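In what follows, a structure is listed as structure tokens, so that the remarks can point back to it.
The values are calculated or read from the model by the stated rules, or taken from the named source; none is laboratory data. This is a predicted model, so every value here is computed, not measured. So basically every Cβ, Gly included, is an ideal-geometry build from the backbone, and we count neighbours across all protein chains shown.
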Amino acid sequence: MARHNNLCFEKALDAIEEYIDVHGLKENDALPAERRLAEELMMSRGTVREALKALECEGKIYKIHGKGNFVEAERHSVDINDMQSFSAAEKREGNIPSSKVIFFQMMKAGEMIAEKLNISSEDKVYSLCRIRKINGKPVMIETAYLPAVIVPGLERYEFEEESLYHILERDYKIEIMNQELNIQLSRASDQEAARLEIEPGDLVYVEKAAARTVDNRIVEYTKSIISSKRAKYRIRLSRREDILMLDELKLSILCNEEKLKRQEGYAIDSIEAMYWEHVDQALAQVKRNNSKICFYLVDDVMELMMRYISNYADFLILNRMEREKAKMYVDQALERNVRVALIVEDDCITICSEEKKEQICIGTKVIDMEEFQKKFLFGIGREWEPIKCVRYALNHL
Amino acid sequence: MAKKALYLQLWEKFRMQILAGEYQYGEVFPTERELEIQYSCDRKTIRKALNLLVEESLLVRITGKGTFVCKPDIRLSLENLKSFSGLLRQEGVETEKKVLFFKKVEAGYRVAKVLNIKKCDEVYKCVRVLYDKENPIVLETIYILDIFPDLLKFDLNIYSLFEVMESFGQFPTKVTEDILAVELPETEAQYLNKETGDPAYLISDITENQEGKIIEYNRAYIASERFVLSTDLS
């Protein structure tokens, strides 16, 4: 059960993968028989067997009964960030994409498709079902639905040869700006399995995508069944985060004090003197890394924190505090290195900056408050995001 | 307006039942025969309605086993660079963390390859389960570069790892995420309260800091049934 503790097992996994790399084994190459592999790796046969099983689950190797274990082909990455067409993306990777049209017809939308495309169920749609292959191997069954009124005459095209997105762009001047994607797992039905050349019941991704144009019209709804054996998704995420948002929780992390557990409510005012030294060291380190520090605090701890704010803060957020008091703290902070301070109240946020001291007047509408709140208090996600707030303030002052 | 065809009425009815959560995920849906009797109509009509639900992926038919409900109830957004607990919180799911293992270990071949270090270099390894109420939903194994002094002192039952890293001035800035469908191996299945072979996402994240250095490698198994992964790209 406790596999994370099972060093033998982990070592066996490592050893087998190293064996594959060192021996340059490629897809469909055979691994040595279990017993020989165990001898070669100098491990027990049981451990090696367990590791092989785990690698099979992960799709690194596959087993043929009576024949042994073989290296599985690398899964193709379906790049979520890349909105290019399937064929363009694959060509760029040096692969040979191809498509086989299963059906291409004009039909009544029907209830379900109508709902997805935001049209009436009696409206006509083109439906195009293709098997998409990479290097001759089927990877996905893709069925696209497009409202006929948007793409009249689509039937004149040959989709085994041409890319749908390319045609939309070139001949219909439709540029897709935005794609909403949902992914779930399912198991292949008999028909899907036959088309994808996998076994019925094998895992597949079910991907549903709605493509919209600049004017927010849905031009295409696509449902794809993707073989999990041949594909994986890849997504690249980034954020430009160099502001350390220092709230009470993070301060307690910095103090590195085990007593500060949840039950004690992260009470930073009860931190003993010796731990403050640690905070000093840690904050100095953050500054050396050229990162900015934003204190995000409530009234109770302000007196205690003022020294650290003076020494380290680039930004300051005061949360739900009496106005006069807040104003006093902000004045003090702006005399130091603090560039922007936000005073957050239930119904408004006031931005104060060093450059425009007159705006410290609390209650003044510094920027369009409505837009501001929409973006940061009730916007995407349910959390209010103080960092976004600070950035916005920096950009607008 | 003409009255809607019976199969469409049934489709809407079943759909509402499933979306309203009258059936749990994975529960067997009544058979065509049972429905035929219940709604006293012919089997063809029932089948047409069920076909629509299968097409929508609200039901799944498994040959020889029956028809099962598969409506996921947690959306996992792929847009934000956040920890799993952060992403789940965004969807209103407050998770409890439970650390099973947290020690310094030798990196070993696979981890070293990802983190660009030597096999024998030490890394922090943390195995953690995230619970939604009583239910385990994420099993993550995290490997962290040995650049955080005294990391073991931090209680990862409480803290998010990203928060801890930020406190050290290391900002998770870029993540390359691979999402694979896998069948759960025995041990992982036990931790997640599932059967061996149940479908799961294996999400591996490679995290870079603000200088483009890889500082963390996270492999998380997520039992897929309750999750729909989603993104909205421009």
Checklist outcome for this item: When region A:72-99 is checked residue by residue, the ones that are surrounded by 18 or more Cβ atoms within 10 Å (Cβ to Cβ) and β-branched (Val, Ile, Thr) are A:Val78, A:Ile80
Checklist entry - Only one of (1) touching a helix residue (DSSP H, G or I) at 6+ places or on another chain (Cβ under 8 Å); (2) under 22 Å from A:Gly59 (Cα atoms); (3) charged (D, E, K, R); (4) surrounded by 20 or more Cβ atoms within 10 Å (Cβ to Cβ) fails for B:Glu225. Which number is that? => result (1)
Next on the checklist: Being within 30 Å of B:Ile62 (Cβ to Cβ), within 14 Å of chain B (Cβ to nearest Cβ) and in contact (Cβ under 8 Å) with a residue 24 or more places away in the chain is true for just one of A:Ile176, A:Ile134, A:Ile183. Which residue is that?
Outcome noted: A:Ile183
Checklist entry - Any residue in region A:155-171 that is at pLDDT 90 or above and within 14 Å of chain B (Cβ to nearest Cβ)? => result no
Checklist entry - Out of region A:281-300, which residues are touching a helix residue (DSSP H, G or I) at 6+ places or on another chain (Cβ under 6 Å) and either assigned to a helix (DSSP H, G or I) or without any contact (Cβ under 8 Å) to a residue 40 or more places away in the chain (or both)? => result A:Ala282, A:Leu283
Checklist entry - If you go through region B:145-168 one residue at a time, do you hit one that is under 15 Å from the mean Cα position of the chain (by Cα) and under 24 Å from A:Asn81 (Cα atoms)? => result no
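Condition check ((1) in a strand (DSSP E or B); (2) within 9 Å of chain A (Cβ to nearest Cβ); (3) of a type outside the set (Phe, Trp, Tyr)) across all residues:
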{"residue": "B:Val93", "(1), (2), (3)": "no, no, yes"}
{"residue": "B:Leu100", "(1), (2), (3)": "yes, yes, yes"}
{"residue": "B:Lys104", "(1), (2), (3)": "yes, no, yes"}
{"residue": "B:Lys119", "(1), (2), (3)": "no, yes, yes"}
{"residue": "B:Ile144", "(1), (2), (3)": "yes, no, yes"}
Checklist entry - Can you spot a residue in region B:150-160 that is buried (at least 18 other Cβ atoms within 10 Å of the Cβ) and acidic (Asp, Glu)? => result no
Item to check | Residues located in region B:146-164, provided they are in contact (Cβ under 8 Å) with a residue 40 or more places away in the chain and more than 10 Å from every other protein chain (Cβ to nearest Cβ) | outcome: B:Asp146, B:Ile147, B:Leu152, B:Leu156, B:Leu161
Next on the checklist: Give me the residue from region B:169-184 that is surrounded by 21 or more Cβ atoms within 10 Å (Cβ to Cβ) and in a loop (DSSP other than H, G, I, E, B) and, out of that set, modelled with the lowest pLDDT.
Outcome noted: B:Gly169
Checklist entry - Applying the selection to region A:1-35, what residues are modelled with pLDDT of 90 or more and touching a Ser or Thr at 6+ places or on another chain (Cβ under 7 Å)? => result A:Ala12
Checklist entry - For A:Ala109, all conditions in the list (1) within 14 Å of chain B (Cβ to nearest Cβ); (2) under 24 Å from the mean Cα position of the chain (by Cα); (3) in contact (Cβ under 8 Å) with a residue 12 or more places away in the chain hold save one; what is the number of the exception? => result (2)
Next on the checklist: Quick check on region A:117-162: of everything there that is closer than 30 Å to A:Ser228 by Cβ and among the polar types (S, T, N, Q), which residue is surrounded by the fewest Cβ atoms within 10 Å (Cβ to Cβ)?
Outcome noted: A:Asn135
Next on the checklist: It is to be established whether one or more residues within region A:228-236 are farther than 30 Å from B:Glu55 by Cβ and either at pLDDT 70 or above or not in a helix (DSSP H, G or I) (or both).
Outcome noted: yes
Checklist outcome for this item: Exactly one of A:Pro152, A:Pro200, A:Pro147 is free of Cβ contacts under 8 Å to residues at least 60 places away in the same chain and away from chain B (no Cβ under 14 Å), and that one is A:Pro152
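Residue-wise test of (1) surrounded by fewer than 20 Cβ atoms within 10 Å (Cβ to Cβ); (2) closer than 22 Å to B:Glu225 by Cβ; (3) out of contact with any Phe, Trp or Tyr (no Cβ under 8 Å at 6 or more places or on another chain).
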site	(1), (2), (3)
B:Arg43	yes, no, yes
B:Arg47	yes, no, yes
B:Leu50	no, yes, no
B:Leu53	no, yes, no
B:Leu59	no, yes, no
B:Thr63	yes, yes, yes
B:Leu76	no, yes, no
B:Asn80	yes, no, yes
B:Phe84	no, yes, yes
Checklist entry - Can we say A:Ala144 is part of a helix (DSSP H, G or I) and within 17 Å of A:Leu168 (Cβ to Cβ)? => result no
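Is it the case that A:Val206 is of a type outside the set (Gly, Ala, Ser), under 12 Å from A:Thr143 (Cα atoms) and in the same structural domain as A:Asn135 (by TED's automatic domain parsing)?
Working: of a type outside the set (Gly, Ala, Ser): yes; under 12 Å from A:Thr143 (Cα atoms): yes; in the same structural domain as A:Asn135 (by TED's automatic domain parsing): yes.
Yes, satisfied.
For B:Lys125, are the conditions met, namely being buried (at least 18 other Cβ atoms within 10 Å of the Cβ), within 11 Å of chain A (Cβ to nearest Cβ) and outside any strand (DSSP E or B)?
Numbers: buried (at least 18 other Cβ atoms within 10 Å of the Cβ): yes; within 11 Å of chain A (Cβ to nearest Cβ): yes; outside any strand (DSSP E or B): no.
Answer is no for this residue.
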Next on the checklist: Which condition from (1) within 27 Å of the chain's Cα centre (by Cα); (2) assigned to a loop (DSSP other than H, G, I, E, B); (3) surrounded by fewer than 15 Cβ atoms within 10 Å (Cβ to Cβ) is the one that A:Gly66 breaks?
Outcome noted: (1)
Next on the checklist: Can you pull out every residue in region B:190-202 that is within 9 Å of another protein chain (Cβ to nearest Cβ) and among the aliphatic types (A, V, I, L, M)?
Outcome noted: B:Ala200, B:Leu202
